[in-house]
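To start, the structure under review is shown below, and the notes come after it.
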Protein chains: 2
Amino acid sequence: MRLSNYFLPVLKETPAEATIASHQYMLRAGMIRQSGAGIYSWLPLGLKVLRKIEAIVREELERAGAVELLMPTIQQAELWQESGRYEDYGKEMLRITDRHDREMLFGPTNEEMITDIFRSYVRSYKQLPLNLYHIQWKFRDEIRPRFGVMRGREFLMKDAYSFDADEESARKAYQKMFCAYLNTFDRLGLTAIPMKADTGPIGGDLSHEFIILADTGESAVFCDSALLDLPVPGPDFDFDGNLETELEKRTQYYAATEEMHDEAAFQEVPEERRLSARGIEVGHIFYFGDKYSKPMNAMVMDQNGKSVPVQMGSYGIGVSRLVGGIIEACHDDKGIIWPKSVAPFGVGIVGMKDKTGDVSKACEKAYETLTAAGLDPLYDDRDERPGVKFSTMELIGLPYMLVIGPKGLEKGIVELKDRATGEAVELSLDDALNKLTAE
Amino acid sequence: MRLSNYFLPVLKETPAEATIASHQYMLRAGMIRQSGAGIYSWLPLGLKVLRKIEAIVREELERAGAVELLMPTIQQAELWQESGRYEDYGKEMLRITDRHDREMLFGPTNEEMITDIFRSYVRSYKQLPLNLYHIQWKFRDEIRPRFGVMRGREFLMKDAYSFDADEESARKAYQKMFCAYLNTFDRLGLTAIPMKADTGPIGGDLSHEFIILADTGESAVFCDSALLDLPVPGPDFDFDGNLETELEKRTQYYAATEEMHDEAAFQEVPEERRLSARGIEVGHIFYFGDKYSKPMNAMVMDQNGKSVPVQMGSYGIGVSRLVGGIIEACHDDKGIIWPKSVAPFGVGIVGMKDKTGDVSKACEKAYETLTAAGLDPLYDDRDERPGVKFSTMELIGLPYMLVIGPKGLEKGIVELKDRATGEAVELSLDDALNKLTAE
């Protein structure tokens, strides 16, 4: 993309309302714009990152056998009256009345609706197991939305729902998602620690939150630091194999959020590994059995010909929140440092001013070559001072910056700078392009 | 995808509420499920088609220089009060009050919001032209939603907005979208006819609807049939070149919707080319100048240093409606016949029952080969009668069906059937796979 054809409204000043790094940088880098309390427009740069996260979440879920559908944002009140949550949910639910005075709501989550879809079509254990997910905008009318996309009101969430005929198989479904989540967060460049969690309004007896560590995290967390170094299951993991072992590797170590914290147990962790920190919840998984299927009468015939309520779990990932979460984990005082897997562009090209036109020619060559190689470069072709271009590139945090100037070109060299390490190397344009395309 | 791992809840009976082919087939093929009046869940098969349409719309817009962002579904009433449309819009606008009693609404369209984004960042003609688009769920509280996704309440729309410093450039922006739309619909397997249209509540002095012909269309349309045979601009079209000529190729022929129909002018069309039919609106483009920029004070400095209201146009495509529109144009009495570009899977594999296991082995080989070739096959591995499998495949309308049976295998042959032509050829499995992967 040529910057002159793009829409990247970078701000010089940090808006006063933003108090944490991710919120500040997302506003300054022209990634989002607030349109109401806790409601944001995703400007082109922000949307690109959001879509990359979404794609990784999707791939890892499908690897674990989940199937995608898409439920609407607007739901009927009747379904929530069936489960008993319509009154319970309180003021966080955005309630809506249509022109015919029907009670509706903007979905904050979808347990009821997916249970309704399930019971309409599935009758037998032979059609199970099933894991259905969607990635859709939700709305929770937070009393005090804050921290930008980290605690917004309209937010993008991936929610998956598993259906099984018996508890043993349902626990396997839970374990599959546990492993898929480890892979997902790892690919996003994050170290996420699963922590035993309270089941809250979703209900059930088994639940883990996936937490990333960041000073600005909303909750205090306590864990064994050994958890930070465990390898994830990885792309070749067999989701039909031994899931239990993969879980036990982690659950053997202490890890709990504030609500579930047991100080005595924590004290048993060797002191040098006792980690007390702040964390950001980026995923949450629940096994809740028949909590929804029973009141909503979602029954299946089991292997013995008996009609039983289907066993369910639900699995959430805060997709839009992750954009902020990744920035909280990956930034310095100049701006964002994107992990390569979610960087909005693969490399930035900055041309210095020149009189001969040689710099433009070299930039064009770099742009064409890198585009053809699928690196999706962002070429700053604006008529701006080098300082402005450099600070824009550092702010938006692309993995590499290729700097081409007239003096260097005379000597046959360009500069290739690594955003994460800050290292700059001088080399010929061809070598720089080869290095980038070989990645 | 193996059907045993998928969620494809095909219905045997046609639901009584569905009166047109697309609605009937979308329900029967397990593409959608109604969750409320005019509100649908997109089941896996339906979502795949929706995403393919979305991807084509996106590609063709970006080829014409548009840049994607994403605005939220929920908007603040204040913006609509600024433009004067808050009261005008009437009961089709879904009005919402949040917990703090703030007036909000579920966006039915985004002229106001995009104008607000524009005025926050853009000050000079140097930053123009600009065309920003998003693909987002909208809500219009239709008094009588009907025909499935053709006239739903929650629907997916692509809306683009162009910004230019003067009228000449703004009309070019309009022409670019006109050409991009021709390419888009062509790639979707549709013949869309641009027709001069009334500007309605959007306003402005120039507008075209893009209409596809179908007996179930909601509006009567009148045109010169010469329009049906005109080639589209195509993938190599130069969007910076002569746009005018491309438009005139079409506007020289008579074409109008009922509201704009001029019977006298129509009578001048040679009788054999005088086409009076029913049509479905799949796109609508508007040039409306400063209708929003003036009241909302979206000003830019022009080349003469004068502050002027920015010239705007808006450009919609009904993405979810197109799923229905394509089916209306492409079906027979057995089911859907997807154009290849939007087919949910490239080919279906049907194995007949056998005792030796040879059929399963051959099916597996076909499945692996076609998957590796990127054809995204759907393998019906269920334990069902051949008749059930055939009728499912015909209903869901994949371009090809590969039928593998024990008798054929003994003779070394399989059957490859073309859904559109109904033609079946017998050939060896390897030849069938080569034929498919060579496409």
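Quick one: how many residues across segment A:256-270 are closer than 28 Å to A:E60 by Cα and at pLDDT 95 or above?
Total satisfying the criteria: 0.
Is it fair to say B:A165 is in contact with a helix residue (DSSP H, G or I) (Cβ under 8 Å, 6 or more places away or on another chain), more than 12 Å from chain A (Cβ to nearest Cβ) and of a type in the set (G, A, S)?
So B:A165 passes the test.
When segment B:102-121 is examined, which residues are found to be more than 8 Å from every other protein chain (Cβ to nearest Cβ) and among the β-branched types (V, I, T)?
Residues satisfying the conditions are B:T109, B:I114, B:T115.
Whether any residue in segment B:322-337 is surrounded by 15 or more Cβ atoms within 10 Å (Cβ to Cβ), within 25 Å of the chain's Cα centre (by Cα), at positive phi and in a loop (DSSP other than H, G, I, E, B) is what I want to check.
no
Conditions tested, residue by residue: (1) farther than 30 Å from B:L190 by Cα; (2) assigned by TED's automatic domain parsing to the domain that holds B:F178; (3) out of contact with any helix residue (DSSP H, G or I) (no Cβ under 9 Å at 6 or more places or on another chain).
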{"position": "B:I56", "(1), (2), (3)": "no, yes, no"}
{"position": "B:T73", "(1), (2), (3)": "no, yes, yes"}
{"position": "B:A77", "(1), (2), (3)": "yes, yes, no"}
{"position": "B:Q81", "(1), (2), (3)": "yes, yes, no"}
{"position": "B:D88", "(1), (2), (3)": "yes, yes, no"}
{"position": "B:K91", "(1), (2), (3)": "yes, yes, yes"}
{"position": "B:L94", "(1), (2), (3)": "yes, yes, yes"}
{"position": "B:E103", "(1), (2), (3)": "yes, yes, no"}
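Could you say which residue among B:R51, B:R99, B:R33, B:R58 is outside any strand (DSSP E or B) and at the interface with chain A (Cβ under 8 Å from one of its Cβ atoms)?
After applying the criteria, what remains is B:R99.
The conditions are (1) polar (S, T, N, Q); (2) without any contact (Cβ under 8 Å) to a residue 24 or more places away in the chain; (3) under 23 Å from A:G30 (Cα atoms), and A:S360 fails exactly one of them. Which is it?
(3)
Given (1) touching an Asp or Glu at 6+ places or on another chain (Cβ under 6 Å); (2) surrounded by fewer than 23 Cβ atoms within 10 Å (Cβ to Cβ), where does A:A37 come up short, assuming only one miss?
For A:A37, the failing item is (1).
Looking at this structure, is B:G65 part of a loop (DSSP other than H, G, I, E, B), at the interface with chain A (Cβ under 9 Å from one of its Cβ atoms), at positive phi and out of contact with any strand residue (DSSP E or B) (no Cβ under 9 Å at 6 or more places or on another chain)?
no
Looking only at residues in segment B:365-388 that are of a type in the set (A, V, I, L, M) and without any contact (Cβ under 8 Å) to a residue 12 or more places away in the chain, which one is surrounded by the most Cβ atoms within 10 Å (Cβ to Cβ)?
So, considering only residues that are of a type in the set (A, V, I, L, M) and without any contact (Cβ under 8 Å) to a residue 12 or more places away in the chain, the one surrounded by the most Cβ atoms within 10 Å (Cβ to Cβ) is B:V388.
List the number of the failed condition for A:L190; all other conditions in (1) in a loop (DSSP other than H, G, I, E, B); (2) crowded, with 20+ Cβ neighbours inside 10 Å; (3) within 14 Å of chain B (Cβ to nearest Cβ) hold.
(3)
Could you tell me which of the residues A:A170, A:A180 is of a type in the set (A, V, I, L, M) and in contact with a strand residue (DSSP E or B) (Cβ under 6 Å, 6 or more places away or on another chain)?
A:A170
Evaluate the following for A:M104: is it assigned to a helix (DSSP H, G or I), more than 19 Å from the chain's Cα centre (by Cα) and crowded, with 18+ Cβ neighbours inside 10 Å?
No, not satisfied.
Going through segment B:4-21 one residue at a time, which ones are farther than 21 Å from B:F147 by Cβ and away from chain A (no Cβ under 11 Å)?
Residue satisfying the conditions is B:K12 alone.
Could you tell me which of the residues A:R146, A:R171, A:R153 is assigned by TED's automatic domain parsing to the domain that holds A:A21 and in contact with a Gly (Cβ under 6 Å, 6 or more places away or on another chain)?
Answer to the check: A:R153.
Given the structure, is A:V350 β-branched (V, I, T), touching a residue at least 40 places away in the same chain (Cβ under 8 Å) and closer than 17 Å to A:S4 by Cβ?
yes
Please name all residue pairs, on different chains or six or more residues apart, with Cβ atoms under 6 Å, provided the first residue is in segment B:408-419 and is free of Cβ contacts under 8 Å to residues at least 60 places away in the same chain and at positive phi and the second residue is surrounded by fewer than 16 Cβ atoms within 10 Å (Cβ to Cβ) and in a loop (DSSP other than H, G, I, E, B).
Short answer, once both residue conditions are applied: B:G412/B:S428.
Quickly run through segment A:233-282 and pick out the residues that are hydrophobic (A, V, I, L, M, F, W, C) and either more than 15 Å from A:A180 (Cβ to Cβ) or touching a strand residue (DSSP E or B) at 6+ places or on another chain (Cβ under 7 Å) (or both).
Answer for segment A:233-282, where residues must be hydrophobic (A, V, I, L, M, F, W, C) and either more than 15 Å from A:A180 (Cβ to Cβ) or touching a strand residue (DSSP E or B) at 6+ places or on another chain (Cβ under 7 Å) (or both): A:A255, A:A256, A:M260, A:A264, A:A265, A:F266, A:V269, A:L275, A:A277, A:I280, A:V282.
Restricting attention to segment A:342-359, does a residue exist that is under 22 Å from the mean Cα position of the chain (by Cα), on the phi > 0 side of the Ramachandran plot and outside the structural domain of A:H134 (by TED's automatic domain parsing)?
Within segment A:342-359 (the criterion being under 22 Å from the mean Cα position of the chain (by Cα), on the phi > 0 side of the Ramachandran plot and outside the structural domain of A:H134 (by TED's automatic domain parsing)), the answer is no, since none of the residues qualifies.
If we keep just the residues of segment B:68-79 that are surrounded by 20 or more Cβ atoms within 10 Å (Cβ to Cβ) and either of a type in the set (A, V, I, L, M, F, W, C) or part of a helix (DSSP H, G or I) (or both), which is farthest from the other protein chains (Cβ to nearest Cβ)?
B:L79
Quick one: in segment A:122-148, which of the residues that are touching a residue at least 60 places away in the same chain (Cβ under 8 Å), touching a Leu at 6+ places or on another chain (Cβ under 9 Å) and within 9 Å of chain B (Cβ to nearest Cβ) is farthest from B:N5 (Cα to Cα)?
Among residues in segment A:122-148 that are touching a residue at least 60 places away in the same chain (Cβ under 8 Å), touching a Leu at 6+ places or on another chain (Cβ under 9 Å) and within 9 Å of chain B (Cβ to nearest Cβ), the one farthest from B:N5 (Cα to Cα) is A:F139.
The values are calculated or read from the model by the stated rules, or taken from the named source; none is laboratory data. Everything quoted here is computed from the prediction, not taken from an experiment. Cβ: placed from backbone, ideal geometry, glycine included. Neighbour counts: every protein chain shown.
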